[in-house]
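Participant: Here it is: the structure, laid out below.
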Amino acid sequence: MVSSKTFFAFGALALLFAASVFAEDVVVLTEENFENHVGQDRAALVEFYAPWCGHCKKLAPEYEKLGSSFKKAKSILIGKVDCDEHKGICGKYGVSGYPTIQWFPKGSLEPKKYEGGRTAEALAEFVNKEGGTNVKISAAPSNVVVLTQDNFNEVVLDETKDVLVEFYAPWCGHCKSLAPTYEKVATAFKLEEGVVIANLDADKYKDLAEKYGVSGFPTLKFFPKNKKEGEEYGGGRDLEDFVDFINEKSGTSRDGKGQLTSKAGVLANLNDLVKEFVKAGDDEKKTIFSKIEEEVGKLEGSAARYGKIYLKAAENSLKKGADYAKNEIQRLERILEKSVNPTKADEFTLKKNILYTFASSS
């Protein structure tokens, strides 16, 4: 039996491991690990920031781009410290404003304050000079599907896809402001086969813009699988607004960084059967397993995929005993603590979410 205290401990560990797996290519530094990373056998550029700081938020995408570009430079570490969470380490290095960026030479805990520009290119120039490297900022490929007269119908009217389309004009200031957020939306849903984030230059393809009643820029329209006339998106323009909208419309469970949430894969009707299954005696378990098998057979689409994971978990619980779910969760967390490609991470996260239903029902 797994106590509620133990279960919540599993949950906390899961969140910790998820953070480490899905973190950008910037190393998250804490009071506990700072000196394990900094002052060792590689030089380090460290951003000391606060989550509420506007300048820090503005710097974040540039700093992530820097981390991505230096990912393979073994002699350089790009790191960051949340000073709200780790006041001690920030106080130790004299941080009084945010963001503060400091350079730690190889083998030294005596930093040099960075005073340059706050673009990825300016930061890279500094790191290359101080660290003796020659790394160039890599341009990440876009995850936004570019629409034209030739591919519009093929992409947007595909009845197997939910498609969000931004109709924009190259000269439009609001469109330019939206562009980095829209790219993040596309990146967040890039692993969802049934979701497409696209845009169309409505200045170049005026006929298509007129066909869909576009008279101002940017105009966003959502084309769900079952309603290809298109419905206007009237929500907010922050990343979270778009993510919440698509999750609601498409039945997905992603957050702004593209991670699967704890709700991903969880099916309410099967959870009820899992509760019965876990609490039942050995003989009765086999009967309830048959009910789970029957319900899974009725599922379609992505729900059918999740149902198979439920079924496998129940089957293994019968074979391996009551501790199977707890032990398997711990095994998956150990795997997720390591570097895992996004597709595999999704697979393991779905399995872990479903196993929690077995562990929490004990």
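Participant: Go through (1) within 21 Å of A314 (Cα to Cα); (2) surrounded by 12 or more Cβ atoms within 10 Å (Cβ to Cβ); (3) without any contact (Cβ under 8 Å) to a residue 40 or more places away in the chain one by one and return the number of the condition N271 breaks.
Facilitator: (3)
Participant: Let me ask something else. Between residues in region 179-205 that are closer than 14 Å to R237 by Cβ and assigned by the TED database to the domain that holds F222 and residues that are among the basic types (K, R) and surrounded by fewer than 18 Cβ atoms within 10 Å (Cβ to Cβ), which pairs lie under 6 Å by C-beta distance while being six or more apart or on different chains?
Facilitator: Hits for this filter: zero, empty list.
Participant: Here is a follow-up. Where residues in region 221-268 are of a type in the set (K, R) and in contact with a helix residue (DSSP H, G or I) (Cβ under 8 Å, 6 or more places away or on another chain), which of them is farthest from A314 (Cα to Cα)?
Facilitator: That would be R237.
Participant: Among all residue pairs at least 6 apart or on different chains, which show Cβ distances below 6 Å where the first residue, located in region 59-84, is assigned by the TED database to the domain that holds A43 and farther than 23 Å from E32 by Cα and the second is open to solvent by 40 Å² or more (accessible area, probe 1.4 Å) and not hydrophobic (A, V, I, L, M, F, W, C)?
Facilitator: Matching pairs, first to second residue: L59/R118; E62/T119; S68/D25; S69/S138.
Participant: Turning to a different aspect of this structure: From the list G235, G258, G251, G213, pick out the single residue that is farther than 22 Å from P180 by Cα and within 22 Å of the chain's Cα centre (by Cα).
Facilitator: G251 is the lone residue from the list that is farther than 22 Å from P180 by Cα and within 22 Å of the chain's Cα centre (by Cα).
Participant: Let me ask something additional. Where the second residue is in a helix (DSSP H, G or I) and the first is without any contact (Cβ under 8 Å) to a residue 12 or more places away in the chain and lies in region 116-140, which pairs have Cβ atoms under 8 Å and are six or more apart or on separate chains?
Facilitator: Close Cβ pairs satisfying both conditions: G116/A122; G116/L123; G116/E125; G116/F126; G117/L123; N134/N128.
Participant: Let me ask something else. Among the numbered conditions (1) farther than 30 Å from R305 by Cβ; (2) in contact with a Leu (Cβ under 7 Å, 6 or more places away or on another chain), tell me where Y233 comes up short.
Facilitator: So the condition that Y233 fails would be (1).
Participant: Continuing with this model, one more query. Could you grab me the full set of residues in region 172-190 that are open to solvent by 30 Å² or more (accessible area, probe 1.4 Å), among the hydrophobic types (A, V, I, L, M, F, W, C) and at pLDDT 95 or above?
Facilitator: Scanning region 172-190 gives no hits.
Participant: Starting from region 219-230, take each residue that is more than 21 Å from V243 (Cβ to Cβ) and list its partners that are outside any strand (DSSP E or B) and open to solvent by 10 Å² or more (accessible area, probe 1.4 Å), counting only C-beta distances under 6 angstrom and pairs at least six apart or across chains.
Facilitator: Here the result reads K228/L157, each pair linking region 219-230 to a residue that is outside any strand (DSSP E or B) and open to solvent by 10 Å² or more (accessible area, probe 1.4 Å).
Participant: Would you mind telling me which numbered condition in (1) within 21 Å of V135 (Cα to Cα); (2) assigned to a loop (DSSP other than H, G, I, E, B) G79 fails?
Facilitator: Condition not satisfied by G79: (2).
Participant: Taking the options V146, V165, name whichever one is of a type in the set (A, V, I, L, M, F, W, C), open to solvent by 30 Å² or more (accessible area, probe 1.4 Å) and part of a strand (DSSP E or B).
Facilitator: Exactly one of V146, V165 is of a type in the set (A, V, I, L, M, F, W, C), open to solvent by 30 Å² or more (accessible area, probe 1.4 Å) and part of a strand (DSSP E or B), namely V146.
Participant: Name the residues in region 119-161 that are of a type in the set (G, A, S) and within 24 Å of H55 (Cα to Cα), would you?
Facilitator: Answer for region 119-161, where residues must be of a type in the set (G, A, S) and within 24 Å of H55 (Cα to Cα): A120, A122, A124, S138, A139, A140.
Participant: Enumerate the pairs (first residue in region 327-344 and more than 15 Å from D25 (Cα to Cα); second residue anywhere and hydroxyl-bearing (S, T, Y)) with beta-carbon separation below 9 Å, excluding pairs fewer than 6 apart on the same chain, so at least 6 apart or on different chains.
Facilitator: Pairs that qualify, where the first residue is more than 15 Å from D25 (Cα to Cα) and the partner is hydroxyl-bearing (S, T, Y), are I329/Y356; L332/T349; L336/S20; L336/T349.
Participant: Moving to a separate point now. May I ask you to say which residue of E115, E121, E110, E85 is exposed (fewer than 15 other Cβ atoms within 10 Å of the Cβ), of a type outside the set (G, A, S) and under 16 Å from V27 (Cβ atoms)?
Facilitator: Result of the check over E115, E121, E110, E85: E85.
Participant: Can you tell me how many residues within region 149-162 are closer than 15 Å to K227 by Cβ and open to solvent by 90 Å² or more (accessible area, probe 1.4 Å)?
Facilitator: 1
Participant: Which of the following residues is part of a loop (DSSP other than H, G, I, E, B) and within 20 Å of L191 (Cβ to Cβ): K249, K308, K263?
Facilitator: It is K263.
Participant: Can I ask one more? Considering only region 171-178, I want to know if a residue exists there that is part of a loop (DSSP other than H, G, I, E, B) and farther than 30 Å from L311 by Cβ.
Facilitator: Taking every residue of region 171-178 in turn, at least one turns out to be part of a loop (DSSP other than H, G, I, E, B) and farther than 30 Å from L311 by Cβ.
Participant: Further, regarding this structure: Pull up region 324-362, narrow it to residues that are within 22 Å of L270 (Cα to Cα), open to solvent by less than 70 Å² (accessible area, probe 1.4 Å) and of a type in the set (D, E, K, R), then point me to the one that is farthest from the chain's Cα centre (by Cα).
Facilitator: K326
Participant: What residue, of A198, A209, A303, is assigned to a helix (DSSP H, G or I), under 30 Å from V155 (Cα atoms) and modelled with pLDDT of 95 or more?
Facilitator: Step by step, each of A198, A209, A303 is checked, and only A209 is assigned to a helix (DSSP H, G or I), under 30 Å from V155 (Cα atoms) and modelled with pLDDT of 95 or more.
Participant: Applying the selection to region 282-298, what residues are open to solvent by 40 Å² or more (accessible area, probe 1.4 Å) and not hydroxyl-bearing (S, T, Y)?
Facilitator: Those that are open to solvent by 40 Å² or more (accessible area, probe 1.4 Å) and not hydroxyl-bearing (S, T, Y): D282, D283, E284, K286, K291, E293, E294, E295, G297, K298.
The values are calculated or read from the model by the stated rules, or taken from the named source; none is laboratory data. Keep in mind that this is a model prediction, so the values were computed, not measured. Because the Cβ atoms are built from the backbone with ideal geometry, glycine has one as well, and the counts that use them run over all protein chains shown. Side chains are part of the model used for accessible areas, which takes the heavy atoms of the whole protein and leaves out ligands, DNA and RNA. Shrake-Rupley method; radii C 1.70, N 1.55, O 1.52, S 1.80 Å.
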